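Bear in mind that the values in this text are calculations on the coordinates, not laboratory data. Nothing here was measured: the structure is a model prediction, and the numbers come from that model. So basically every Cβ, Gly included, is an ideal-geometry build from the backbone, and we count neighbours across all protein chains shown.
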Amino acid sequence: MIQHEIIQGQTLYQKMIILRDQLMEEIAMLKRRIAEYPEGELCCSKNQAYTKWHLCKDGQNIYLPKSQREFACVMADKKYLTELLRDLQHDLDEVNQYLQKHQDNPGHARKLLTEQTPYTELLIQAGLSKDLSQWANASYETNPFHPENKIHTAPGNIRVRSKSEVLIATLLFSHQIPFRYECALHLGLRPIYPDFTLRHPQTGETFYWEHFGKMDDPVYRDRAYERMQFYSKHQIYPNIQLITTSETADHPLSIHTIECRIQEFFGFGQLDKIS
């Protein structure tokens, strides 16, 4: 999640060492391949519209007739590999000169993130905050069923289905807990849509919040229990990753209850301000 790419990067000096090792390996491989070719070097000369091939060997230029074209192709391949070897050797010399003249960068920026300096926690939090902000503002697959029932407006101009969900969204918003409303969650054969999908502001951990608003309705209540069992079947457990609230006509959801859940799962709230 950390946005500071330097934590996974390498210093230029370290990259040059890796490049040196790669060049040495490639050079050794090329030398082995070139040693498998016939002795000598292909030399080509052009006379007006004609090209002549010669095998340069032991100070002699041996003419190759067109009937030896296949052999000429083999020697041309050797010529290419030989020139490639020369290029790689030149690059290796340049890399070695750099390594001889320079020392490894101590990686001051990396140390701020990896060695538990006084800045480490703040930098990680800054990176995490950026990640969570992007997550909260990104588009996502939402519940396509009965959009006409989203008649209530929560902070951020989010349309929700009940006044209780407005309360939950409002307090999440006030505590700066990033969330998505009715975001698709693919667990089984078809997606389900938790009321709220949340990310912990400090750790980035994902939670789901389901509010069951008609628990005095037997049919609704049975469906609520089935939904919780479905979550548990997929290793999303109540009071661990799954936050739940419920209400009946006689016992509506209160701000105090929502604050208790926020305090329980996220470690902060405003319970002391609520009478």
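Residue check: residue 157 meets all listed conditions (1) under 23 Å from residue 247 (Cβ atoms); (2) over 28 Å from the mean Cα position of the chain (by Cα) but one, namely (1).
The set of residues in the stretch 146-175 that are out of contact with any helix residue (DSSP H, G or I) (no Cβ under 7 Å at 6 or more places or on another chain) and either of a type in the set (A, V, I, L, M, F, W, C) or outside any helix (DSSP H, G or I) (or both) comprises 146, 150, 151, 153, 157, 159, 162, 166, 169, 172, 173.
Would you point out the residue of the stretch 215-251, among those that are of a type in the set (Asp, Glu) and in contact (Cβ under 8 Å) with a residue 12 or more places away in the chain, that is nearest to residue 198 (Cα to Cα)? It would help to see each step written out before you state the result.
Step one: filter the stretch 215-251 for residues of a type in the set (Asp, Glu), giving 216-217, 222, 226, 247, 250.
Imposing the further condition that a residue be in contact (Cβ under 8 Å) with a residue 12 or more places away in the chain reduces the set to 216, 247, 250.
Details: 216: 27, 247: 21, 250: 29 Å.
Applying the filter and picking the extreme gives 247.
When the stretch 174-200 is filtered for residues that are β-branched (Val, Ile, Thr), out of contact with any Cys (no Cβ under 8 Å at 6 or more places or on another chain) and either free of Cβ contacts under 8 Å to residues at least 24 places away in the same chain or surrounded by 20 or more Cβ atoms within 10 Å (Cβ to Cβ) (or both), only 177 remains. For the stretch 201-229, the set of residues classified as surrounded by 15 or more Cβ atoms within 10 Å (Cβ to Cβ) and touching a Ser or Thr at 6+ places or on another chain (Cβ under 8 Å) consists of 201, 207, 208, 209, 210, 211, 212, 213, 214, 215, 224, 228, listed by residue number. Scanning the stretch 35-86 for residues that are surrounded by fewer than 13 Cβ atoms within 10 Å (Cβ to Cβ) and either of a type in the set (Asp, Glu) or in contact (Cβ under 8 Å) with a residue 40 or more places away in the chain (or both) yields 36, 38, 39, 58, 70, 83.
Among the residues of the stretch 17-65, those identified as more than 21 Å from residue 89 (Cα to Cα) and hydroxyl-bearing (Ser, Thr, Tyr) are 45, 50, 51, 63.
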